Structures are given as structure tokens and as C-alpha cells.
Amino acid sequence: MRLLQSVQHKACADGTYMKEYTLDEPLSADFFEYLKHFGRVEALEALGDGYYNFTKEGWFSIKGFAGDTSVEVRFTRDVMDMVSGFLRMLFLRYRPGSGQNGADIAGLKEKEKALEEQIKRMKGR
Amino acid sequence: MPEHPLIYLNNAATTWPKPPEVTEAVQEALSLPAFGTGRTAGTEGTDYVSLAREKTAQLFNAEEDEICFTHNATDALNLLIRGFIEKHPHCHVLTTALDHNSVLRPLHEFAKRGDITLSVIPIDKKTGTISPKAAADAVTDETKLIVMNHAGNVTGAVQDVRETARLLHKEDIFLIADGSQSAGHIRCDLKSLGADAFVFTGHKALFGITGTGGFRIQESRSEEIEPVRFGGTGTLSGNLYQPREMPERFEAGTQNFTGLAALAAGISYIEKRGIDEIHEQGMRQSAFLISELKEEENIVIHNEHPKVHVISFAIDGLCPDDIGFILSRKYGVVTRTGLHCAPLVHEAIDGGHGSVRMSLSALTTDEECEAAAAAVREVAERAASSVRSA
């Protein structure tokens, strides 16, 4: 799955920066299952085809409905530039079924760890 | 994009839609040169500044010379607070936990700089309001100013400004009331309210556009506020100092003619409908929404008896931000979520977690309220079933 383009963006009242992205294919429950490897997922499965909110604490959150081809991403402002590549990678490397099998999860976890170190160094400065 | 027609319930932030006469006034104002008094020899068009002053004074039962225009309510509050502190340096100031950051931030900044000492009066948990007695009890020998909201933007509670003013005027304390959420919703008779200064904004219930606001100050009390902006007024131009007469004392630079044309038209609309009818409609619709939301066990309503048209709620187990997102995307219902620039109110009512706010205007329809109530109830029901099935 790919993030195609940011169709809307604005600074939010909670201090985050929101970007709405269109996707090249619809979101699925399995995609959010896969995201659980990288953060917290809250779901309201009884609403439409399911509402999902993924939070990678201190980095970004992703909100969306299964079946929709758009997501709302809220970035923590001070790390936005550093983590937006990882966000794209999360979408790009997802394959249907990887929610359970975790085909590319090890590689992503390595990237995640390296990024965590970079952020720690940046914040320690 | 939402599959449903837009139902805009964020009128406590900015009203939408505007009455047709407001849109027409903006178009008309832009179709001719500006004919503001003192700044042109032309007399062909409307002097929107004078018209807006006349309309605002009528609405508030005030004198025209007591009305000063600013960019918005925050701007008016900054001007009044700073001007008061220049006149009364190092005084003690009171404010309340119900107030908005437009009051809290300037006051906390001045306190941090050592220009004032500050006390925040807590909310009376029984009534959800500020008790006038608590305000009087917080007064010290150094207290010179209280800044308090008239109607709350989170709970819709209305403060007893009149009684607070009566008690505090005994100590010659200056009272600034923030009417951002009351002007246009409830009758604000400033001759009887008791506030020395009353702040309003144009773009909310008065149906103007963004970039307009102001305050009414009793002429006899205007010297308590030093002017803090200096510049052209179109009057007494040979004088190198800011005129001390009202309203020029506080108005410098070219006014927002287009915005004031909209404000005048917005107030005309309110006059035409009648403030009491607008209030009655909003209270009826608010009561309907509250009664509907109360049907769901997992909905918490933060004030079941608001006095202006604001309803704040939460749904157990769901973050307010998620509720706002779902309502907007799936039902086309636009609300506002989070702390609403009023962190101390939320600290008191929900531990700082935030809420979802639905706020109505005179143009909100019963059908919109019915659709919004159904949407919120459906989200709450689905949330409850998700929690149960988890």
C-alpha cells in the first residue's frame, strides 16, 4: 500500500501537525493488525467496516476507516521530518496477511530502533 | 469526503453559515471605496465604522462612544489588561478557572514577568460557576482588577457578573467581563450588567466575520485603562499624542471596514430575529440534544443545564479526538474536540482529558440537531458494543 499524496494539512490545537493522505488501496483491519508491531491500536470494529486509530507514541498517529482510501496522520511536530520516511515505509512494506505473519517486520523494527536512537540524540542536544 | 450533508456544530468557535445579509454586506463593502469618517473626502457610501458602532451600542444598550473596535476578543482583552496594568502596576489581579486562554495567557505572562500577582478563583463544583462570594473572598488589599467570562465556552455556564460586580465595586475593583460566548446568545444589557468593560467578538454569535471584535467601556471608567496603541485616528491630526477621548483613546489605524460592515449586518439580523427568540430556540435545541444523549449510558454530559447553546460530552472508552473524527468523516457532523483553549475548566470537569463540544447558532435547524443526536448515539452504541465484545 502507498501514500499517494497529502491532500490537506493543518496545525492542530493539541500541538500536532495533521496531514490527510490518499492511498492507492483501501485500508483494512489486517493493516492495523500489522501496525500493532509498532505501536498501540484502538479499534471500533462495530462502526461501519471498522474505525482504527494507531498511535506510535511521540512520533505520529494514524486514523482511518477500513474500506476508505484516505487516512489522517498527526505528527509530533519536533520529529515530523525525521519520522515521515518511516511512516511511508510502514505503508509501503505492508503486504496483506503480514498482520499475522510479519513478513517484513524484522527489517522495519531495525529501522525503528535506529530512528529511536537518532531522536534520542536529537532531543539530548 | 463525508457521505452526508455538512452539519456544522462548531459555532462557539466561528458561526457558519452567515445570514445572507452578512454576505451581501461584505460584497457591498468591497464594491465601493471605503468612506470612513475622517479618512476620505468622499461621502457617497456608507460609513461602516459608525454604522457598526451604532448597531453594537444598540444591541448592548450602551452609548456609541463607549464602543471600541479591535481585531477580535483576544485582542480586546490584551489591550484592556495591558492598559490596566500600565495604569496600576504591580497590582493583584483575579481571574477564574472558567476562563479562556485569551484571558489566562496574558495574565500568566504578566505574572511571570512580575508585573502583577495573580489568583485564579476555582469553579464551584456544585453549580459549575464561579461564586461571587468566592471572588469577594479572594480580594486582597492590592486587588485592583478581575477578569472573568460571562458565559463559558466549554460548559455553557453563565456567571453572575452583576453580583460579582456589586461585591467587588465596594473595593473599587475594575471588572472586565469576557462576553465572547454570551453576546448574540443572551440579552447583554451593559447598563445593568455591572461590568466596567465588556468584551465581544464579531465572528461568533454576532454573525460577523473573523477579524472583528471590541469592547464596551463605561466612559467614566475609561481612564483606568492607559492607551497602549498609538497612531492615526482620522481626528485631531495636528496632535502628536494619542487623543484621550473615546473611542479614539483605544483605536489607532485604519479599521476593518469590510469586517465592520459584516458585523453591522450580523447585528441587524439578530435584531430582526430578536435576541430572546434566538435564545429560546437555542435552549430548546440544546435541551433536545441533551435529552437524546442522556439516553446512552456511556455518554457523559459535562453540564446538563447550559445557559448558552454549548454542549460538552464524552463517550466512555473513546478519546474525544476520535469521536470528532468519526462524527466528521462518517456523519458530516462538525464539532470541536480537545481542551477548547480552556485548560482549567477541563482540569475541573474531566481531569484535563478534553471533551467533544457541539455548539449551535441561530441558524442551526431542528433537523440538523436530530441528525447530530442520531449520529452521536450511534457512535456511542457502537462504542459500547465494541467494548462489550473486546
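The values are calculated or read from the model by the stated rules, or taken from the named source; none is laboratory data. These numbers were taken from a predicted model, which means no experiment stands behind them. Don't worry about glycine lacking a Cβ; one is built from the backbone with ideal geometry, like all the others, and counts go over all protein chains shown. What goes into the accessible areas is simple: the full protein's heavy atoms, side chains included, and nothing from ligands, DNA or RNA. Shrake-Rupley method; radii C 1.70, N 1.55, O 1.52, S 1.80 Å.
Please tell me if residue B:133 is more than 17 Å from residue B:104 (Cα to Cα), of a type in the set (Lys, Arg) and touching a strand residue (DSSP E or B) at 6+ places or on another chain (Cβ under 9 Å).
Working: more than 17 Å from residue B:104 (Cα to Cα): yes; of a type in the set (Lys, Arg): yes; touching a strand residue (DSSP E or B) at 6+ places or on another chain (Cβ under 9 Å): no.
It is false that residue B:133 is more than 17 Å from residue B:104 (Cα to Cα), of a type in the set (Lys, Arg) and touching a strand residue (DSSP E or B) at 6+ places or on another chain (Cβ under 9 Å).
Given the options A:64, A:15, A:39, A:97, name the one that is buried (at least 20 other Cβ atoms within 10 Å of the Cβ) and among the small types (Gly, Ala, Ser). It would help to see each step written out before you state the result.
Details: A:15 fails: buried (at least 20 other Cβ atoms within 10 Å of the Cβ); A:39 fails: buried (at least 20 other Cβ atoms within 10 Å of the Cβ); A:97 fails: buried (at least 20 other Cβ atoms within 10 Å of the Cβ).
Just one listed residue meets the conditions, A:64.
Which residues, taken from segment B:272-291, are in contact (Cβ under 8 Å) with a residue 24 or more places away in the chain and under 16 Å from residue B:156 (Cα atoms)? Step through it out loud before you land on a result.
Going residue by residue through segment B:272-291, those that are in contact (Cβ under 8 Å) with a residue 24 or more places away in the chain are B:273, B:275-276, B:278-279, B:281-283, B:285-286, B:288-289.
B:278, B:279, B:281, B:282, B:283, B:285, B:286, B:288, B:289 - these are the residues of segment B:272-291 that are in contact (Cβ under 8 Å) with a residue 24 or more places away in the chain and under 16 Å from residue B:156 (Cα atoms).
Which numbered condition trips up residue B:150, out of (1) touching a residue at least 60 places away in the same chain (Cβ under 8 Å); (2) open to solvent by less than 20 Å² (accessible area, probe 1.4 Å)?
(1)
Do we have any residue at all in segment A:84-103 that's within 12 Å of chain B (Cβ to nearest Cβ), among the aliphatic types (A, V, I, L, M) and free of Cβ contacts under 8 Å to residues at least 40 places away in the same chain?
Of segment A:84-103, the ones within 12 Å of chain B (Cβ to nearest Cβ) are none.
No, that holds for no residue.
Given the conditions (1) out of contact with any Cys (no Cβ under 6 Å at 6 or more places or on another chain); (2) in a helix (DSSP H, G or I); (3) surrounded by 18 or more Cβ atoms within 10 Å (Cβ to Cβ); (4) not assigned by TED's automatic domain parsing to the domain that holds residue B:64, and given that residue B:262 satisfies all but one, which numbered condition is not satisfied?
(4)
Given the options B:75, B:65, B:99, B:47, name the one that is surrounded by 19 or more Cβ atoms within 10 Å (Cβ to Cβ), more than 22 Å from residue B:168 (Cβ to Cβ), out of contact with any Phe, Trp or Tyr (no Cβ under 7 Å at 6 or more places or on another chain) and not hydrophobic (A, V, I, L, M, F, W, C). If you could, list the steps in order and put the result at the bottom.
Values: B:65 fails: surrounded by 19 or more Cβ atoms within 10 Å (Cβ to Cβ); B:99 fails: more than 22 Å from residue B:168 (Cβ to Cβ); B:47 fails: out of contact with any Phe, Trp or Tyr (no Cβ under 7 Å at 6 or more places or on another chain).
Just one listed residue meets the conditions, B:75.
Given (1) within 26 Å of residue B:310 (Cβ to Cβ); (2) open to solvent by 20 Å² or more (accessible area, probe 1.4 Å); (3) more than 19 Å from the chain's Cα centre (by Cα), where does residue B:121 come up short, assuming only one miss?
That leaves (2) as the condition not met.
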